[in-house]
Protein chains: 4
Amino acid sequence: MKDSAVLLIDCPDRKGLVACVSCLLYQFGANILHADQHQDPEAGLFFMRVEWDMAGFDLEAFRGEFAVMAASLHMRWSVQLLSARPKVAVFVSKTLHCLIDILHQHQVALILGNHLDGEALAKFYGVEFQYFEVTPALKREVEEKQLILLRDSGIELIVLARYMQVLSPEFVREYPNRIINVHHSFLPAFAGARPYHAAFQRGVKLIGATSHYVTEALDDGPIIEQGVARISHRDQVQDLIEKGRDLERVVLSRAVKWHLERRVLCYGNKTVVFD
Amino acid sequence: MKDSAVLLIDCPDRKGLVACVSCLLYQFGANILHADQHQDPEAGLFFMRVEWDMAGFDLEAFRGEFAVMAASLHMRWSVQLLSARPKVAVFVSKTLHCLIDILHQHQVALILGNHLDGEALAKFYGVEFQYFEVTPALKREVEEKQLILLRDSGIELIVLARYMQVLSPEFVREYPNRIINVHHSFLPAFAGARPYHAAFQRGVKLIGATSHYVTEALDDGPIIEQGVARISHRDQVQDLIEKGRDLERVVLSRAVKWHLERRVLCYGNKTVVFD
Amino acid sequence: MKDSAVLLIDCPDRKGLVACVSCLLYQFGANILHADQHQDPEAGLFFMRVEWDMAGFDLEAFRGEFAVMAASLHMRWSVQLLSARPKVAVFVSKTLHCLIDILHQHQVALILGNHLDGEALAKFYGVEFQYFEVTPALKREVEEKQLILLRDSGIELIVLARYMQVLSPEFVREYPNRIINVHHSFLPAFAGARPYHAAFQRGVKLIGATSHYVTEALDDGPIIEQGVARISHRDQVQDLIEKGRDLERVVLSRAVKWHLERRVLCYGNKTVVFD
Amino acid sequence: MKDSAVLLIDCPDRKGLVACVSCLLYQFGANILHADQHQDPEAGLFFMRVEWDMAGFDLEAFRGEFAVMAASLHMRWSVQLLSARPKVAVFVSKTLHCLIDILHQHQVALILGNHLDGEALAKFYGVEFQYFEVTPALKREVEEKQLILLRDSGIELIVLARYMQVLSPEFVREYPNRIINVHHSFLPAFAGARPYHAAFQRGVKLIGATSHYVTEALDDGPIIEQGVARISHRDQVQDLIEKGRDLERVVLSRAVKWHLERRVLCYGNKTVVFD
């Protein structure tokens, strides 16, 4: 596979942004593969993603020139090789369907479990597995150990694959917009514990699943993807749980894929997903 | 079209219910067209809907026999001709897309508007239109007039087709499980006012619409039908409103159709919809 | 509403296209509202749509400069005011649900019917209705009259809203990519007559509807939008027809909207839809 | 888990069928958990599925009595314990996502591969794996060996999990309505080879997947389940393949689950799926 570079920009909107960026890329001879931009007129913000072929492209020189322009236009930006995938750690408890999916589709560097259920699968895929018993009393201490392990392993993205523990604000702050969770409801409906039970109780006709970045407020971070499935009065809670499984892994896998392909930008409490 | 009868039953579950009902129908020579039943194991309830051809069927004799059996089995039940459609009134404000759909698909006896926008359409379809100015001060008085009008017109089902007023508990109590509303969100998310604005603010990736029976608690009655549509960061509030329109009229029209075909049974705060 | 201009481009792909276009727009002080581009790597084609605010913009001067650049880059292009909506004619037979939707959502200049069913509705919306009896023997002659009427009325877009006649190749050639049809199946499945009957016969679990530009080959033109709905063994042909109605009008209305907002570009037998 | 029995019936429709079946079950004291029936008025057929608790139920006595009644009513029928799951074999080639899903959700007795890719996974789940090189010259001989293996292993259901070989009519005839395949298109569109390429070529806006029983006619057997996903002009063939994966495994897994729970009845070239 040929390599490509991805430029992500977010900044205050003003005239000429696309012109400036595309002219500089043209000057450097970039062979653009995809380009997409978005303006939020209410927030007055501009977002852009450009992907180009790296063949014969001088990335360092471009980076230098771009930095100067970006500073003058107050851009937050990053430019990275698509081949330089962020290292991924997955947190898991007892339920494994989301983990299975991620292991089949993505490179994973590390699996952390508060139960041992995921260990055999980790071994099968040749991924390091670390077990951490978590109790209310141990929580703080465990999180500190986990943070050290994550740092030492160079982890850049954390995926909570039906991990049944709430991470502390201190932990979350270490990985802003870099922890992806799947919640088994159509957020903001049924945030918190036991959403399928709540959905059953309320008598909804569709159930959902939501992947989102984790913030300090529970189940309230920027939403990346959502899916729904039709249910009926025939479905008991157990049926909801089973039907929900397919939703959960699909919305989680998509979110991970989009993050790794650098398609997601956060602003306020929302996301721009360049597809 | 040939006429058919519909029997609806809900009662405590016990052995032999289907046997008792189907034997009696067999005895009367019913040519069954559709039959469906449902058991809620947690609630210990049984629900059944049977539809049969009326050709040569003695409904009155059946009703008499069935009443005796039903009493002994503690059934709530009704048996009605499908041709005997409940008389429908529609409440409307300024937004007409739901009203248009209902007028095209169903017989409507009466339209009540707190604005005059729906009047021309009512005329076109040959339906009586009554205008009621509603202000906080007038509300009580207006509702009393409306109730008299509805009663005098023999209305059995009220449809709120994007009617922008909240009915009082006193009003709602007069038509239990006989007022259908469409709320422009995926309930229970974004109950209350301006759900599209709230959805935009929250950054959801799917918007929804919900049709439900109106109860005294706002946007909290038994859900009949829900639908969703995909949106993206490109969609502003106005786009959500436009994309939501198709959802609203579809979920409302389906709810009305199912109610008129006597497919909906309520229990607790939920519905059984026999499709 | 403020007015805006839309530039549509399609041309062979090469480096620097976005730079050229965006620089020229910047030079003219365009306040860009939306911009989107697409490259088809296999076909080696480039597509772009830019929309900008017309306040203080000198469209004629821009057009002159752009024409020079476009010629040198072998671009097919158009730039138009969004307010200058193409004039629309709708062809209709006896089924009216699609027509109702279009009349509620769009300005229509002319309705042509091979039955009289749509006339009252046309009158209600204040739109001219012309009746044309169509028989195999009359077809050629009728089409010639229709073409004259359409030309005289300045019609730029023709919408077939469940029009049950096949237009001749001669007719279609007069309006290339400017006739939108809705076919009541998920094309390419069940092209041709009676698709719901065919779907029922085949026992599919989802039915669909497709809006597409009409070409000389029946039901084979570039697809603009498709939708599906779940069905089950319980659904007879009549149920499929009823459930399909909502699909048909939604996919047709969307296609019309996108065409009028100049979001659709055709190439080969496919469409690019800038959303 | 408590055990339950499932009765499946299909026969010519006539009055009193539900009465006869439900009375006999009542007589034997069956505690019914689910019951569902379906009539196809055009075909004049009746279908029924009843599931009841086995606690204290005399299955053999019931079977004897039921057989007499069934014969007089020309019923095709079966009654089986839900715990007596049919033994499953999976055929696989190089693509493993469907196999992974099935192994995670179901008991599998045997995996047959015409490539070795699935072997490690089989080992991980402790399932026997048999490799068969298939070439046009070897095909007949291989199928004979496979049939012997399947017979010796007592296999009752064969699942083709993206198996890239077409089974011969002779093979198919051995397992009528007991071979489930997943085809990666929305059948009947794009039957045959390379459906994603064909879908891309045609420019559809939704792609699909279909699970169906295998018959002697390629991709033409009774459809069990279908799913679709939205695509756009941005998606190249490779994107269609990736987006299709989730559809394929979901529609295949559901079909297998429904078959194992004895929810599927075939008639003509269609299925009744009791949900």
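The values are calculated or read from the model by the stated rules, or taken from the named source; none is laboratory data. If you're wondering where the values come from, they're calculated on a predicted model, not measured in any experiment. Glycine gets a Cβ as well: all are built from the backbone with ideal geometry, and neighbour counts include every protein chain shown. Protein only, heavy atoms only, side chains kept; ligands, DNA and RNA dropped before computing areas. Shrake-Rupley method; radii C 1.70, N 1.55, O 1.52, S 1.80 Å.
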Accessible carbon and sulfur surface of the protein assembly as shown relative to its total accessible area, %, 1.4 Å: 53 percent
Chains A and C: how much accessible area gets covered up at their contact, both sides added, probe 1.4 Å, in Å² to the nearest hundred? 1500 Å²
So what is the relative contact order for the range C:103-238, in percent, with contacts set as C-alpha pairs under 8 Å and at least six apart? 16 percent
Please list, by residue number, every one of the GluC sites (Glu not before Pro) in the range B:78-145 that is coil in DSSP and has at most 13 other beta-carbon atoms within 10 Å. B:Glu133
Could you state the orientation-averaged shadow area of the convex hull built on the Cα atoms of the range D:146-210, in nm² to one decimal? 4.9 nm²
Computed FRET value (nearest 0.05) for D:Lys2 with B:Arg85, which takes r as the C-beta separation and R₀ as 41 Å: 0.40
Cβ-vector label at 7 Å, A:Ala84, separations to other copies in nm: 4.8, 6.4, 7.7
Evaluate the distance, in nm, between pseudo-label points positioned 7 Å from the Cα of D:Glu141 and of B:Gln130 along their respective Cα→Cβ axes. 8.7 nm
Averaged over the residues of A:35-47, the number of partner chain Cβ atoms within 10 Å of each residue's own Cβ comes to 3
Shortest-first distances to equivalent copies, position B:Arg140, nm, label 7 Å out along Cβ: 5.8, 7.8, 9.3
Run the paramagnetic zone check for A:Val237: 7 angstrom along Cα to Cβ, then residues of the range A:197-212 with backbone nitrogen under 19 Å. A:197-209
Per 20 Å bin from zero, what fraction in whole % of the C-alpha pairs of the protein assembly as shown is there, up to the bin with the longest pair? 11, 38, 39, 12, 1
Which value does Rg/Rh take for the range B:1-152 over its C-alpha atoms, Rh per Kirkwood? 1.12
Asserting the computed 222 nm helical MRE of chain B (DSSP H runs at least 4 long, -39500 (n - 2.57) per run, divided by residue count, to nearest 500) equals -10500 deg cm²/dmol
Which residues does a label at A:Leu33 reach in the range C:28-47, if reach means a backbone N under 20 Å from a point 7 Å past the Cα toward the Cβ? C:37-47
Number of Lys pairs in chain C with C-alpha atoms less than 20 angstrom apart, excluding same-chain neighbours closer than eight positions? 9
Taking a label point 7 Å from Cα toward Cβ, how far is C:Phe124 from its twins in the other copies, in nm, shortest first? 0.4, 6.1, 6.1
Diffusion coefficient, µm² s⁻¹, Stokes-Einstein with Kirkwood Rh over alpha-carbon pairs of the range D:4-81 at 4 °C and 1.567 mPa s: 103 µm²/s
Taking Cα pairs closer than 8 Å and at least 6 residues apart, the relative contact order of chain C in percent is 15 percent
Label points 7 Å out from Cα along the Cβ direction at A:Arg202 and B:Lys257: separation in nm? 2.6 nm
I'd like to check one number: the per residue accessible area of the range A:88-273, probe 1.4 Å, reported in Å² as a whole number. 38 Å²
Cα Rg, Dmax (largest Cα-Cα span) when computed across chain D, Å: 20.5, 63
Quote the FRET efficiency, to the nearest 0.05, computed for C:Glu119 versus B:Glu60 with a Förster distance R0 of 30 Å and r equal to the Cβ-Cβ distance. 0.10
Rough spin-label spacing in nm, given labels placed 7 Å along Cα→Cβ, for C:His104 and A:Ser153: 5.4 nm
